[in-house]
Amino acid sequence: MAPDLQPLTLRRGSVTAGVAALAAFAVLAVLAGCGGPPPPPASGAVTMARDYELGPDGKLVMDRLPRRAAATVAAVEEDDPDKIVFVGDSASGGTALATGVRTSIGRIGTAAKTDLDLPNIVEVARGKGMRTGIITTASVTDASPASFSTHVRYRFCMGPEHMAGENFFGIQMPGCPQDESSAGGPGSIAEQLAAQRLDVLLGGGRKYFDQHVDAADPASTTPLDQALANGYTLAATGEELAAAHPGERLLGLFAPDSLETEMDGEGGRRAEFLRLTPDGDLIEPEPFPCVANPKHDGTPTLEAMVTKALELLDNERGFFLMVEGASIDKQAHNADPCGSIGELLAFDRALAVAQRYATQHPTLIIVTADHGQSQQIIPYPSFFAGLREGIIPIPSPADMPRTFRPQAQHTPGRFARLISISGSILNVNYATNVGADLPMFPAFQEHTGVEVPVLAAGPGSEPVVELLRQPQIFDIMVAAMGGR
Ligand SMILES: [Zn+2]
């Protein structure tokens, strides 16, 4: 679908911020041994997708953005916000990007300890008469999109039924009693989004909008009722998305929760633990390619959503749009490299739409991530694979203890050998958690504390040249809008 570019008009301060995934970008140890600032942004997810699709000589759309820097990621302790937590989540990272303030894990647009609401970039843009939009491949109530426009104690308070706090496989998560509408609060994230009157809000999450505000009263209103009363038009299919026209306030809910991913491993395969023969030899893991995920059929692509959003947001006073490729992170949690690769490539195609728009309208584009993730590209077989008692004689037994295990050396993590488009084998490893093998969350891979890339183009992108702190990205976006 070609972008519907509007007639040439000057829109100073227009901002398109692409937040590429909660965790999309695991920056590996490229910085070590790299001389002189600025540090080149590097990312496990970006490298993995580029290597798979194009090889090391190819360039993604995001690789061609002219301003290239990185941002450190950190959260703070809930009870002592002066203390740093070195690995963040999508709530703390999204809040840092959207409000310029570091907060604790799980908080959405609210300050650690005090629970005060933090003004966000959508509110700043609206205050300047700009249009606002949020697009994600997750539920629109998920932590990143929520951080850009709502305020709540905990990220799982996505719908009215979830305000008491989720029990996650026996782990009790915080609830949001102070935010309940019955307690005079602004309600769940879905209720707040309904009240927000964004011009464009697209993604998944229909199930949260169909919950009743009073769980005991099936006749009570739902967030969807509230959204329609506030002037949103609902789109539930790609056809309804395509039919939306300027002047409409568009709420697109295309799945009960996250959208299906564009790609999958052949046969549903993901990274797997390596297996050994009884003699301790490695059983050669069978390589596999990534394939289109048939479950994605009928789901609007990120590219189609961005194309429509730009058509609806285009106006004289400018706009702010956040676009998230959410499942780059979500599938890394599942040790699913093909899922992440497909979503990163989908994000890159959506970025190309925004870039085409920016060639005709002065627009700041920022691509970044909210935190690192677990994927690593590693050698296979291990450099040390043969270092094994009985196979390689270990010298100097008198002064060197023979502590090697009687098995081939290999990664302890989950491992996938991907047959890349070029036919070369790409070896991907996940080793941040042993995982519980639950069907819903098979791998439980975790975020990491690396800095994330910040890639930018357009007016206002000048500060994106050196190592930034994540909250500074909020300041850069506000400055591009002409200040508060
Ligand atoms: Zn995550």
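Among the criteria (1) modelled with pLDDT of 95 or more; (2) under 18 Å from Thr99 (Cα atoms); (3) under 19 Å from the mean Cα position of the chain (by Cα), the one Met158 does not fulfil is (2). Looking across the stretch 198-224, the residues that are part of a helix (DSSP H, G or I) and more than 21 Å from the chain's Cα centre (by Cα) come down to Phe209, Pro223, Leu224. Taking the stretch 311-332 as the range and being closer than 13 Å to Ala45 by Cβ and of a type outside the set (Gly, Ala, Ser) as the test, the residues that pass are Ile328, Asp329, Lys330, Gln331. Name the residue that is farthest from Leu228 (Cα to Cα), counting only residues in the stretch 249-279 that are among the hydroxyl-bearing types (Ser, Thr, Tyr) and within 19 Å of the chain's Cα centre (by Cα). Among residues in the stretch 249-279 that are among the hydroxyl-bearing types (Ser, Thr, Tyr) and within 19 Å of the chain's Cα centre (by Cα), the one farthest from Leu228 (Cα to Cα) is Thr261.
Taken over the stretch 81-135, the criterion of being open to solvent by 30 Å² or more (accessible area, probe 1.4 Å), within 16 Å of the ligand (Cβ to nearest atom) and of a type outside the set (Val, Ile, Thr) is satisfied by Phe86 alone.
Of everything in the stretch 320-332 that is within 13 Å of the ligand (Cβ to nearest atom) and among the hydrophobic types (A, V, I, L, M, F, W, C), the residue that is surrounded by the fewest Cβ atoms within 10 Å (Cβ to Cβ) is Ala326.
The condition of being under 30 Å from Leu54 (Cβ atoms), buried (at least 22 other Cβ atoms within 10 Å of the Cβ) and of a type outside the set (Ser, Thr, Tyr) holds for only one of Ile473, Ile425, that being Ile473.
In the stretch 161-171, which residues are touching a residue at least 24 places away in the same chain (Cβ under 8 Å) and surrounded by fewer than 24 Cβ atoms within 10 Å (Cβ to Cβ)? Correct list: Glu161, His162, Phe169. Annotation note: of Ala304, Ala350, Ala354, Ala335, the sole residue that is within 16 Å of the ligand (Cβ to nearest atom) and either open to solvent by less than 10 Å² (accessible area, probe 1.4 Å) or on the phi < 0 side of the Ramachandran plot (or both) is Ala335. If you check Thr368 against the conditions, is it open to solvent by less than 20 Å² (accessible area, probe 1.4 Å) and either within 16 Å of the ligand (Cβ to nearest atom) or of a type in the set (A, V, I, L, M, F, W, C) (or both)? Yes; evaluated as a whole, the condition is true for this residue.
The values are calculated or read from the model by the stated rules, or taken from the named source; none is laboratory data. All figures in this text were calculated on a predicted structure; none of them were measured in a lab. Note: ideal-geometry Cβ built from the backbone for every residue, glycine included; neighbour counts use all protein chains shown. Side chains included, ligands, DNA and RNA excluded: accessible areas come from the protein's heavy atoms. Shrake-Rupley method; radii C 1.70, N 1.55, O 1.52, S 1.80 Å.
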